[in-house]
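Accompanying notes for the structure given below.
The values are calculated or read from the model by the stated rules, or taken from the named source; none is laboratory data. Keep in mind the model is a prediction, meaning the values are calculated, not measured. Glycine also receives a Cβ, built like all others from the backbone with ideal geometry; neighbour counts cover every protein chain displayed.
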Amino acid sequence: MRNFILVSIAFLAIAIAIWAFFFDKSSQNSIDTKTIVPLLAGSMKNFIPTSSVGPTLKLKVLDKRGEWVSLEKYHGKLLLVNFWATWCAPCIREMASLDKLQAKRGGSDFTVIAISQDLMEWRAVLPFLKKSQLRNIHTFVDRKIQLARYLKVTGLPTTILFSKKGKELGRLKGAVEWDSPQAIKLIDYYRKISN
């Protein structure tokens, strides 16, 4: 009986030590809810901060030259990744605001990327980009919807914000004005805290 109690206490102590280690790590990635909640208003009310570290950007997408590009090349930048398609009316309305956001905030620490889910790939995307005069946003094609499946994107448009280390910070389903004051405040907040 005494051995059983000692073994139980040892297991309990190990479990508490493991919990404390992971709790400490997760609190380093946690979001200050007092700061973030006021930012989730207006056009950003449907932005859902991610409490877990989330997946990293390991898969590749196609660039305009038909070459595979790993999104890990953006490591070190806050990354706003928008999943869209030329046949998606809300996506089309949203693209101009994403382009304006890239023009306003894009730079050494932040980038906006649009990843098309069109099955016709660049044959559908290039004419749309030319007609819409979208010049600032970085656009790629997701062949066979691999990245969208990997990131569990369930509808279009969906926009995911990644930290400078490639960890998911949050996501928003549906179209919004990404160049609105509320969206810019949210992006600026994550630019300050993201690592």
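So, Gly155, is that one out of contact with any His (no Cβ under 9 Å at 6 or more places or on another chain), farther than 19 Å from Val176 by Cβ and not in a helix (DSSP H, G or I) or not?
So Gly155 fails the test.
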Given the residues Leu147, Leu186, Leu119, which is the only one that is in the same structural domain as Asp63 (by TED's automatic domain parsing) and either under 20 Å from Asn46 (Cα atoms) or in a strand (DSSP E or B) (or both)?
-> Leu186
Are any residues in the stretch 158-183 assigned to a loop (DSSP other than H, G, I, E, B), at negative phi and at pLDDT below 95, and if so, which ones?
-> Ser163, Lys164, Lys165, Lys167
Does the stretch 132-170 hold any residues that are farther than 21 Å from Glu94 by Cα, crowded, with 19+ Cβ neighbours inside 10 Å and of a type in the set (S, T, N, Q), and which are they?
-> Ser163
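Residue by residue, here is whether (1) among the aromatic types (Phe, Trp, Tyr); (2) over 23 Å from Ala183 (Cβ atoms); (3) modelled with pLDDT of 95 or more; (4) outside the structural domain of Lys173 (by TED's automatic domain parsing) holds:
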{"site": "Phe23", "(1), (2), (3), (4)": "yes, yes, no, yes"}
{"site": "Pro38", "(1), (2), (3), (4)": "no, no, no, no"}
{"site": "Asp63", "(1), (2), (3), (4)": "no, yes, yes, no"}
{"site": "Lys73", "(1), (2), (3), (4)": "no, yes, no, no"}
{"site": "Cys91", "(1), (2), (3), (4)": "no, no, yes, no"}
